[in-house]
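Undergrad: Mind having a look at this structure? Questions to follow.
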Amino acid sequence: MKFKCRECGELLTKELDVTPVELCEEDGKDLIPEGFTLKDDEWSDGQWVINSKDNLSMDITDNPKRLNGCCDLDGCDGPNLVCKSCKAAVATAKYDCWMPRYIILSKVGTDAIT
């Protein structure tokens, strides 16, 4: 499975496996292994979660209201990743020191390609 920007069709992720995997809940570590995706109610309210290394074409927003965190992005203020091509909001990066690292793909900003 891959994901694209709903606005312009830009490919946002690498090919991802939907096989269930064990999550790592340790602060500062990747929540989900590279190359995998899952929908998870606990971590993402039922949205797709990916590893940050599977990002192909998402950039950090230039909206300063969405860039909070103590050491990196905490994602507590909404989508902070945009499509490189059209700048539509497509995901939320959660990279701060007090949480596992992962990206939540937006339900309204992305489409799955199977």
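The values are calculated or read from the model by the stated rules, or taken from the named source; none is laboratory data. These numbers come from a predicted model, not from an experiment. In this analysis, Cβ positions are derived from the backbone assuming ideal geometry, glycine residues included, and neighbour counts consider all displayed protein chains. Quick note on the areas: whole protein, heavy atoms, side chains included, nothing else; ligands and nucleic acids left out. Shrake-Rupley method; radii C 1.70, N 1.55, O 1.52, S 1.80 Å.
Undergrad: With a point put 7 Å past each Cα toward its Cβ, work out how far residue 84 is from residue 71 in nm, to one decimal.
TA: In this crude spin-label approximation the distance works out to 2.7 nm.
Undergrad: Let me ask another. Rounded, prolate or oblate: pick one for the chain, where a ≥ b ≥ c are the square roots of the eigenvalues of its C-alpha gyration tensor, a/c under 1.5 means rounded, and failing that, prolate if a/b is larger than b/c, else oblate. Write down the numbers at each step before the final one.
TA: Details: a/c = 1.80, a/b = 1.04, b/c = 1.73.
Oblate shape, in that a/c is at least 1.5 and b/c is the bigger or equal ratio.
Undergrad: Could you work out the helix-only [θ] at 222 nm for the chain, with each DSSP H run of four or more residues adding -39,500 (n - 2.57) and the total divided by the number of residues, to the nearest 500 deg cm²/dmol?
TA: It lands at -500 deg cm²/dmol.
Undergrad: In addition: From the residues 98, 23, 46, which one has its Cα farthest along the dipole of the chain in the positive direction, the dipole being from +1 and -1 charges on Cβ of Lys/Arg and Asp/Glu about the Cα centre?
TA: It is 46.
Undergrad: Which loop chymotrypsin sites (Phe, Trp or Tyr not before Pro) in region 55-111, with loop taken from DSSP, have no more than 16 other Cβ atoms within 10 angstrom of their Cβ? If you can, show how the numbers build up before the last one.
TA: Details: sites: 95, 98, 102; in loops: 95, 98.
Passing both the DSSP loop test and the Cβ count: 98.
Undergrad: Ignoring ligands, DNA and RNA, what percent of the accessible area of the chain is carbon or sulfur (1.4 Å)?
TA: Values: 2860 of 6020 Å².
In the chain, the share of accessible area belonging to carbon and sulfur is 48 percent.
Undergrad: If you don't mind, there's one more thing I want to ask. With a Förster radius of 35 Å, plug the Cβ-Cβ distance of residue 59 and residue 27 into 1/(1 + (r/R0)^6) and report the FRET value to the nearest 0.05.
TA: Values: r = 25 Å, r/R0 = 0.71.
Plugging the Cβ-Cβ distance into 1/(1 + (r/R0)^6) gives 0.90.
Undergrad: Can you pull out the GluC sites (Glu not before Pro) in region 9-75 whose DSSP state is coil and whose Cβ has at most 14 other Cβ atoms within 10 Å?
TA: Working: sites: 10, 15, 22, 25, 26, 34, 42; in loops: 10, 15, 22, 25, 26, 34.
Within region 9-75, the qualifying GluC sites (Glu not before Pro) (loop, at most 14 other Cβ atoms within 10 Å) are 15, 22, 25, 26, 34.
Undergrad: Enumerate by residue number the trypsin sites (Lys or Arg not before Pro) in region 19-62 meeting two conditions: DSSP loop (anything except H, G, I, E, B), and at most 15 other Cβ atoms within 10 Å of the site's Cβ.
TA: Details: sites: 29, 39, 53; in loops: 29.
For trypsin sites (Lys or Arg not before Pro) across region 19-62 that sit outside H, G, I, E and B with at most 15 neighbouring Cβ atoms in 10 Å, the list reads 29.
Undergrad: When the scattering of region 1-67 is computed by the Debye formula from its Cα atoms alone, each counted once and equally, what is log10 I(q)/I(0) at q = 0.13, 0.25, 0.27 Å⁻¹?
TA: Computed log10 I(q)/I(0) values: -0.41, -1.22, -1.27.
Undergrad: For residue 34 and residue 97 in the same chain, what is the full-extension length gain: residue separation times 0.36 nm, less their Cα-Cα distance, in nm?
TA: On the way: separation 63, 0.36 × 63 = 22.68 nm, distance 1.90 nm.
The residue 34-residue 97 span can extend by a further 20.8 nm.
Undergrad: Still on this model: To the nearest 10 square angstrom, what accessible area does residue 87 show with a 1.4 Å probe?
TA: 120
Undergrad: Got a sec to turn the phi values of region 68-78 into Karplus ³J(HN,Hα) couplings, 6.51 cos²θ - 1.76 cosθ + 1.60 with θ = phi - 60°, whole Hz, x for Gly and Pro?
TA: In residue order, the calculated couplings are 7, x, 8, 10, 6, 6, 9, x, 6, 10, x Hz.
Undergrad: Per residue, how much accessible area does the chain show when a 1.4 Å probe rolls over the protein heavy atoms, in square angstrom? Present the calculation step by step, with values, prior to reporting the outcome.
TA: Numbers: 6020 Å² over 114 residues.
Value returned for the chain: 53 Å² of accessible area per residue.
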